[in-house]
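Each reported figure results from applying straightforward, stated rules to the coordinates on display, with no laboratory input. Every value quoted in this text rests on a predicted model; they were computed, and no experiment measured them. Note that each Cβ is placed from the backbone with ideal geometry, even for glycine, and that neighbours are counted across all protein chains shown.
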Amino acid sequence: MKNSEKIIKIYKILYEIYNNKIVILNYNNNLELLISVILSAQTTDKQVNKVTENLFKKYKIIDDYIKVDITELENDIRSIGLYKTKAKNIKNTCQKLKKEFNSKIPDNITDLMKLNGVGRKTANVVLNKAHNINEGVAIDTHMIRINNRLGFVKTKNPIIIEKYLKNILPKKYWGNYTNLIIGLGRDKCVKNPKCRKCSLKELCNYYKNNNL
Ligand code: SF4
């Protein structure tokens, strides 16, 4: 089976299992989306949602983040990992949005990546959700681990992985494929994978090669 056929089969299987179970970041506008995504680095969506429930009641517009004292913002997000760095990134990002982007969330990867705390993965998520643009496939640690195990790639380089997946996956699936793989990565395809209970085992190189 060609990888372009295999990945669609995998997408459909995962969609049935995980599409309704994925915890999704709660936000009401593009600014809240961007802040949530910055906060979500190395933190669960559930944890981010807990913090943003109050945060977004207090901070409504870009100026609210710009004007607040950094220590106060740190305190407001302190239950999240790396809160000091994230508070700094949020403040700097909001200053840039105001100065350079007319207080609008950019609609292209290059400008999004100029914002503090926004890497290629974050930029892809924001583009997809804020502007409905599928410009790339967001690659995180789950995507690296699992796409290697499935046999689509043999590299940890996110740029090469993204390029390959964009070649074999129809564009309409780019945004959600990452969400589904993250669902699998938290459930079955963890560090010590629970292959026997995984619905992808017949399609998975790791399973076949390790005679599980
Ligand atoms: S069969 Fe195992 S290695 Fe393959 S995707 Fe499932 S859990 Fe991961």
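Remarks
- Residues of the range 73-99 with an amide N closer than 15 Å to a point placed 7 Å from the Cα of His131 along the Cα-to-Cβ direction: 97.
- Residues Val37, Val68, Val190 in ascending order of nearby Cβ atoms (within 10 Å, fewest first): Val190, Val68, Val37.
- Rounded to the nearest 10 degrees, the inclination of helix 3-18 to the longest alpha-carbon principal axis of the chain is 60 degrees.
- Less than 5 angstrom separates the built amide H of Tyr27 from none of the residues sequence-distant by 5 or more or on a different chain.
- Coarse-grained scattering of the range 30-131 at q = 0.20 Å⁻¹, given as base-10 log I(q)/I(0) from a Debye sum over alpha-carbon atoms: -0.99
- DSSP-loop trypsin sites (Lys or Arg not before Pro) across the range 143-208, with at most 16 other Cβ within 10 angstrom: Lys154, Lys156, Lys191, Lys194
- Spin-label model distance (nm) - Glu100 vs Lys58, 7 Å beyond Cα toward Cβ: 2.8
- Taking a straight Cα-Cα cut-off under 12 Å and skipping sequence neighbours fewer than 8 places away in the same chain, the aspartates and glutamates within cross-link reach of Lys99 are Asp63.
- Percentage relative contact order, the range 30-131, counting C-alpha pairs under 8 Å, at least six apart: 30
- MRE, 222 nm, helices only [DSSP H, n ≥ 4, -39500 (n - 2.57), over the chain, to nearest 500]: -18000 deg cm²/dmol
- Estimated FRET transfer efficiency (Lys171, Glu72; beta-carbon r; R0 45 Å; 0.05): 0.60
- Seen against the Cα atoms of the chain and their longest principal axis, helix 158-168 is set at about 60 degrees.
- Ranked from largest, the principal axis spans of the Cα set of the chain equal 58, 31, 27 Å.
- Efficiency of FRET between Asn19 and Tyr164 - r from beta-carbon atoms, R0 30 angstrom, step 0.05: 0.80
- Using θ = phi - 60° in the Karplus curve 6.51 cos²θ - 1.76 cosθ + 1.60, the 3J(HN,Hα) couplings for the range 94-100 round to 5, 4, 5, 4, 5, 6, 9 Hz; x is entered for Gly and Pro.
- For a label point 7 Å along the Cα-to-beta-carbon line of Asp111, residues of the range 133-176 with backbone N under 19 Å: 133-136
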